[in-house]
Amino acid sequence: MLVKPFLTMILLSSIILVAFSGCDTRFKPETVLSGYVTDLNRSQSLSIPSPAIVMPMSLPALRDRQKVLSTFDIGLLDFLSLQYCDVGMVAGKKNSILGKVMPDSQRFLYELDIIRAIESCDITDVNLAKELGRMAQQKRLELPVAFGNALFNGAEGKAFFSLSNGFLPLDYSSADQQALLGALHRLVDIGKGLSDLPKVDTAAFEGDLKTLMGSEYAGRLLYTLAQITRYLTTVSNEVGGLGSASCGPSMAYIKHQFEVHYVNIIQPYMGRVNHSAYQVLPLLNQLAELSAPLSSEMSVFLNQLSLTKSGSEWLRYQQSSQSHAKNWSRLFDLCAISLKG
């Protein structure tokens, strides 16, 4: 008597799971890519292995990406003597209960404020003036580090670089990233102007970091590049091994699957990914340069998104795309087959 209700519950649970998965568009490109391999394998000429799982390097742990900044330590008497200018007020904020646990984004703004306060304060005590001058110079040298800490160490950077958010959407367009581009341009401008001690609007700065967080772009791009690369490489290796013996009736089916999956869906998706990346990555690479010196772990991680450095995920993706196109072109030429359009 209990068998039928039990089977009904299993069926209902399966339907709910499938429906839920269908609503999650984060991994829809994976379905498209795996469908490409599956349908090509229906041909007797091809036996493409299931692409091995490949993941890019994850964002390093906080302890491996955060760099330590010098502290502003002055004695009580010196502190009291600086109350007539902004140095005392700014230093007091840092030494407050909240100041001791300020996030890296606020610490960066504090560094700008304390340098500005020291350099604008008319200090009559010669020894104190020299001590503070040395400290201001040290903090100027550390500003790129403070800037990098603000960009990469908070919850915003963690979400921006997270690999757990899946692919860029299948219908992703550069029109979807205008807010992100605006935020990146403003952050680059701040980084370029560090030597001039820019007066940064706190709300706008935090808002731009939140925009990076909401986009999840860098992690999604890394994940997308790695997964497309593994599928294209696997298909390319198999197609590259085919010779004239494969030029039979099955080639009509193979050509059709190539057009249906790759030409009509995957290639346009890659075109959109490329267009968006060529807008974002130069800005992101600029931010990395403006934040130098980064920790070695963070440098290795960010190199994955380099447009030029050997071994980057971006260059591996480009190379796999070119090899994939080349091997298909060779096969179609060998079999005297022309593609539509």
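The values are calculated or read from the model by the stated rules, or taken from the named source; none is laboratory data. Since the structure is predicted, the reported quantities are computational estimates derived from the model, not experimental observations. Here the Cβ positions follow ideal geometry from the backbone for every residue, glycine too, while neighbour counts run over all protein chains shown. Side chains included, ligands, DNA and RNA excluded: accessible areas come from the protein's heavy atoms. Shrake-Rupley method; radii C 1.70, N 1.55, O 1.52, S 1.80 Å.
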Check your understanding: What number, in percent, do you get for the relative contact order of the chain if the mean sequence gap of Cα pairs under 8 Å and at least 6 apart is divided by its residue count?
Key -> 27
Exercise for review: Quickly rank 213-219, 259-265 as a protection proxy: mean count of other C-beta atoms within 10 Å, highest first.
Suggested key: 213-219, 259-265
Review point. So, by mean Cβ neighbours within 10 angstrom, what's the order for 314-321, 107-114, 129-136 with the highest one leading?
Key: 107-114, 314-321, 129-136
Review point. For the chain, what ratio Rg/Rh do Cα atoms give with a Kirkwood hydrodynamic radius?
Key: 1.15
Review point. Over the chain, what percent of the accessible surface lies on carbon and sulfur atoms, probe 1.4 Å?
Key: 59
Check your understanding: By accessible area of protein heavy atoms, probe 1.4 Å, what ranking do Glu313, Glu297, Glu289 get, highest first?
Key -> Glu289, Glu297, Glu313
**Study point:** Cβ-derived FRET efficiency at R0 30 Å, Thr308 paired with Val263, nearest 0.05
**Key:** 0.55
Review point. Calculated FRET efficiency, Ser164 and Glu131, Cβ-Cβ r, R0 41 Å, to nearest 0.05?
Key: 0.30
Practice item. Calculate, for the chain, the solvent-accessible area per residue in square angstrom, rolling a 1.4 angstrom probe over the heavy atoms of the protein chains. Key: 51
Revision key, fill the gap. Among the Cα-Cα pairs of the range 197-341, the proportion with separation greater than 28 Å, in percent, is 37
Check your understanding: Residue by residue, what Karplus-based ³J(HN,Hα) values in Hz, rounded to whole numbers, does the range 122-131 have, using 6.51, -1.76 and 1.60 with θ = phi - 60° and x for Gly and Pro?
Key -> 8, 9, 7, 6, 4, 5, 5, 4, 5, 4
